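The values are calculated or read from the model by the stated rules, or taken from the named source; none is laboratory data. Computed from a prediction, not measured in an experiment: that's the story for all the values here. When we count neighbours, we look across all protein chains shown, and the Cβ atoms used for this are built from the backbone with ideal geometry, even at glycine. Remember, those area values only see protein heavy atoms, side chains included, never the ligands or the DNA or RNA. Shrake-Rupley method; radii C 1.70, N 1.55, O 1.52, S 1.80 Å.
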Amino acid sequence: MYPRSFADANGDGIGDVNGIRSRLPYLRDLGVDGIWISPWYVSPMHDGGYDVADYRDINPMFGTLADAEALLADAHELGIKVIVDLVPNHTSSEHRWFLSALAAEPGSAERNRYIFKPGRGDGSEPPTNWQSVFGGPAWTRVDDGEWYLHLFDPSQPDLNWENEEVRAEFDDIFRFWLDRGVDGFRVDVAHGLVKNPAYPDIETSEGLLGNARTPDHPHWDREGIHEINRRWRAILDASDREVMMVAEAWVRPERLPMYLRPDEYHQSFNFDFLVTPWSHDAAVAAIDRAVTAAAAVGSTPTWTLSNHDVMRHPTRYGLPPDTNWRTWPLTGPADALDADLGLRRARAASLMLMALPGSVYLYQGEELGLPDVWDLPASVLDDPVWENSSHAQKGRDGCRVPLPWSPDGPSLGFGEGDASPWLPQPPGFGPLAMSAQLGVEGSTLELYRAALAARRRHMTADEELTWVDLGAGVLAFQRGSGVLCVLNYGPEMPMPAGDVVITSTGRTDVIPTDACAWVAPR
Ligand code: NOJ
Ligand code: CA
């Protein structure tokens with residue numbers, strides 16, 4: 001859940017904590033077990049809240065700490081767990097620690113909470129050639145000539161995880177939210193905390209995944225991270241409640257199991273399937289990799305097709321093969337997009353995902369089949385990627401447009417009153433509004449509701465997945481309960497024998513191309 005864009009209770013055009021509270025019954029009826037809330041802390045919002053100025057209070061734009069506590073109570077009342085988002089790799093440049101680091105001398109204890117270094121040459125060259133994930137150099141120079149490291153925006157200085165004071169502070173932040181009753185933590189950039197103390201240059205660059213794909217990278221996926229993971233796990237294990245943590249770790253699939261050892265994370269996101277092209281063989285391989293990797297350490301796999309960082313999957317799946325969806329919206333002609341095809345595939349893929357063992361992480365609005373708003377005008381863009389990439393990439397605003405709750409009104413039911421939402425909603429959002437789909441047979445919302453209900457009945461008994469051969473281009477697996485899930489990448493095929501539980505098309509006689517069905521044995 002991206003709180004800024006979910007629901008706006010006080011009518012100022014910005015989503016808020018009370019907006020989430022007002023929609024909890026909807027989420028319960030949708031059938032979710034828990035919600036992960038993107039950062040809601042005090043923040044100047046230079047990176048949508050992933051620039052935290054105070055980890056122990058709520059951004060006034062979203063509400064108060066009392067609202068957050070009320071949300072936790074309401075959610076628990078309805079049987080919904082709450083996961084908060086923790087950002088340990090960097091703070092905001094407006095965090096009191098960074099302000100005092102700027103005011104202090106080079107070499108001071110205040111500076112040592114961050115990564116300050118002298119420049120190279122006459123001091124005017126950055127200490128290394130590292131690039132920010134958002135584009136541009138990863139170092140910014142301050143008035144006295146020192147440089148500080150920021151793997152993301154300059155407003156997000158990296159913390160120095162070699163410093164025990166930093167470690168102790170985060171121990172305390174974990175306990176602060178545990179004491180308030182949260183059920184878990186999503187840990188941001190979990191693979192980036194530890195840097196090579198020699199600060200060597202980087203040879204090559206591989207885009208957003210960085211060089212997480214290359215061994216011994218100077219700032220991604222370093223050995224020292226596991227010690228930190230274990231420290232946090234011990235804090236969670238000491239809780240008298242059942243709590244969990246999930247890592248956002250963009251690392252090579254074969255490296256992921258290490259983060260999931262019994263004394264580290266409970267789960268990690270798995271972005272492998274998200275970046276897999278629409279292909280039978282690629283999908284089977286990605287599923288196999290995730291299931292095997294999790295099983296190797298006694299963990300469970302996780303699945304994701306959309307989140308607040310990527311183009312929504314109905315749009316991704318509607319693009320011509322081999323299109324780079326991170327840059328396409330700037331350069332590609334609109335008519336290259338086949339929106340109907342994209343939605344058909346998205347519904348099929350989502351239904352298949354909900355049949356897999358482990359946990360499924362859905363992103364707000366995907367249950368409505370919302371497309372990505374890739375054509376937002378440049379004047380409204382808010383994502384730092386737009387500026388940092390020197391306007392080469394529009395960034396991630398297209399998946400962050402406020403949700404449509406009803407088909408009409410100034411903000412399509414997103415907020416009370418007349419305020420325009422903080423990002424404009426396109427005309428196509430009205431007909432996709434929640435209330436326009438609720439109870440409507442064949443709608444994407446009803447597909448998700450039925451699938452989540454059927455998942456509880458048929459799919460969660462155990463974690464077994466057995467591949468079934470139904471011919472070329474047909475992805476098919478059986479779950480422990482005996483239910484067969486078929487995703488058809490090939491030509492239309494007859495429906496396998498059995499009781500049809502659910503289909504992405506409504507057809508019970510055949511499975512068309514790009515459709516999915518669950519069939520129970522008789
Ligand atoms: C990953 C978050 O999901 C993304 O939104 C953010 O920009 C970066 N981490 C930096 O915190
Ligand atoms: Ca608001």
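For segment 259-270, indicate whether the set of residues that are in a helix (DSSP H, G or I), touching a helix residue (DSSP H, G or I) at 6+ places or on another chain (Cβ under 9 Å), over 25 Å from Asp309 (Cβ atoms) and at pLDDT 95 or above is non-empty.
Among the residues of segment 259-270, not one is in a helix (DSSP H, G or I), touching a helix residue (DSSP H, G or I) at 6+ places or on another chain (Cβ under 9 Å), over 25 Å from Asp309 (Cβ atoms) and at pLDDT 95 or above, which makes the answer no.
Say whether the condition of being charged (D, E, K, R), within 16 Å of ligand 2 (Cβ to nearest atom) and in a helix (DSSP H, G or I) is met by at least one residue in segment 14-25.
The initial filter retains those residues of segment 14-25 that are charged (D, E, K, R), namely 16, 21, 23.
Next cut, within 16 Å of ligand 2 (Cβ to nearest atom) only: 16, 21, 23.
If we keep only those that are in a helix (DSSP H, G or I) too, we end up with 21.
Taking every residue of segment 14-25 in turn, at least one turns out to be charged (D, E, K, R), within 16 Å of ligand 2 (Cβ to nearest atom) and in a helix (DSSP H, G or I).
If we keep just the residues of segment 93-140 that are aliphatic (A, V, I, L, M) and closer than 15 Å to Pro154 by Cβ, which is surrounded by the fewest Cβ atoms within 10 Å (Cβ to Cβ)?
Leu99
Of all residues in segment 316-341, how many are open to solvent by less than 30 Å² (accessible area, probe 1.4 Å), touching a residue at least 24 places away in the same chain (Cβ under 8 Å) and under 22 Å from Val284 (Cα atoms)?
Residues in segment 316-341 being open to solvent by less than 30 Å² (accessible area, probe 1.4 Å), touching a residue at least 24 places away in the same chain (Cβ under 8 Å) and under 22 Å from Val284 (Cα atoms): 3 in total.
Taking only pairs six or more apart or across chains, which ones have beta-carbon atoms under 7 Å, a first residue in segment 1-22 that is touching a residue at least 12 places away in the same chain (Cβ under 8 Å), and a second residue that is within 16 Å of ligand 1 (Cβ to nearest atom) and of a type in the set (Lys, Arg)?
Tyr2/Arg400; Ser5/Arg400; Ile14/Arg4; Gly15/Arg4
Being part of a helix (DSSP H, G or I), open to solvent by less than 20 Å² (accessible area, probe 1.4 Å) and within 16 Å of ligand 2 (Cβ to nearest atom) is the filter here, so list the residues in segment 28-75 that pass it.
Those that are part of a helix (DSSP H, G or I), open to solvent by less than 20 Å² (accessible area, probe 1.4 Å) and within 16 Å of ligand 2 (Cβ to nearest atom): Ala68, Leu71.
Within segment 145-165, does at least one residue satisfy the condition of being farther than 23 Å from Met45 by Cα, within 22 Å of the chain's Cα centre (by Cα), surrounded by 14 or more Cβ atoms within 10 Å (Cβ to Cβ) and of a type in the set (Phe, Trp, Tyr)?
Within segment 145-165, not a single residue is farther than 23 Å from Met45 by Cα, within 22 Å of the chain's Cα centre (by Cα), surrounded by 14 or more Cβ atoms within 10 Å (Cβ to Cβ) and of a type in the set (Phe, Trp, Tyr).
Based on this model, can you work out whether Glu416 counts as more than 25 Å from the chain's Cα centre (by Cα), closer than 22 Å to Asp29 by Cβ, surrounded by fewer than 18 Cβ atoms within 10 Å (Cβ to Cβ) and of a type in the set (Asp, Glu)?
Yes, satisfied.
Regarding Arg312, is this residue surrounded by 22 or more Cβ atoms within 10 Å (Cβ to Cβ) and touching a Cys at 6+ places or on another chain (Cβ under 6 Å)?
Answer is yes for this residue.
Which numbered condition in (1) within 16 Å of ligand 1 (Cβ to nearest atom); (2) more than 17 Å from Leu193 (Cβ to Cβ) is the only one that Ala249 fails?
It is condition (2) that Ala249 fails.
Considering only segment 1-13, state which residues are outside any helix (DSSP H, G or I) and either out of contact with any Phe, Trp or Tyr (no Cβ under 9 Å at 6 or more places or on another chain) or within 13 Å of ligand 2 (Cβ to nearest atom) (or both).
Selection gives Phe6, Ala7, Asp8, Ala9, Asn10, Gly11, Asp12, Gly13.
Evaluate the following for Val519: is it open to solvent by less than 20 Å² (accessible area, probe 1.4 Å) and in contact with a Phe, Trp or Tyr (Cβ under 9 Å, 6 or more places away or on another chain)?
Working: open to solvent by less than 20 Å² (accessible area, probe 1.4 Å): yes; in contact with a Phe, Trp or Tyr (Cβ under 9 Å, 6 or more places away or on another chain): no.
The answer is no for Val519.
For segment 12-30, enumerate the residues that are away from ligand 1 (no atom under 16 Å from the Cβ) and not charged (D, E, K, R).
Gly13, Ile14, Val17, Asn18, Gly19, Ile20, Ser22, Leu24, Pro25, Tyr26, Leu27, Leu30
State all residues of segment 382-413 that are open to solvent by 20 Å² or more (accessible area, probe 1.4 Å) and under 22 Å from Ala138 (Cα atoms); if no residue qualifies, say none.
Listed by number, the residues that qualify are Asp382, Trp386, Glu387, Asn388, Ser389, Ser390, His391, Ala392, Gln393, Lys394, Gly395, Arg396.
If I filter segment 361-371 down to residues being touching a residue at least 60 places away in the same chain (Cβ under 8 Å) and open to solvent by 20 Å² or more (accessible area, probe 1.4 Å), which single residue comes out as farthest from Pro431 (Cα to Cα)?
Tyr361
Can you name the residue in segment 31-62 that is over 19 Å from the mean Cα position of the chain (by Cα) and among the β-branched types (Val, Ile, Thr) and is also nearest to ligand 1 (Cβ to nearest atom) among such residues?
My answer is Val42.
(1) away from ligand 1 (no atom under 16 Å from the Cβ); (2) on the phi < 0 side of the Ramachandran plot; (3) in a loop (DSSP other than H, G, I, E, B): which one isn't true of Tyr199, the others all being true?
Tyr199 satisfies all of (1) away from ligand 1 (no atom under 16 Å from the Cβ); (2) on the phi < 0 side of the Ramachandran plot; (3) in a loop (DSSP other than H, G, I, E, B) except (2).
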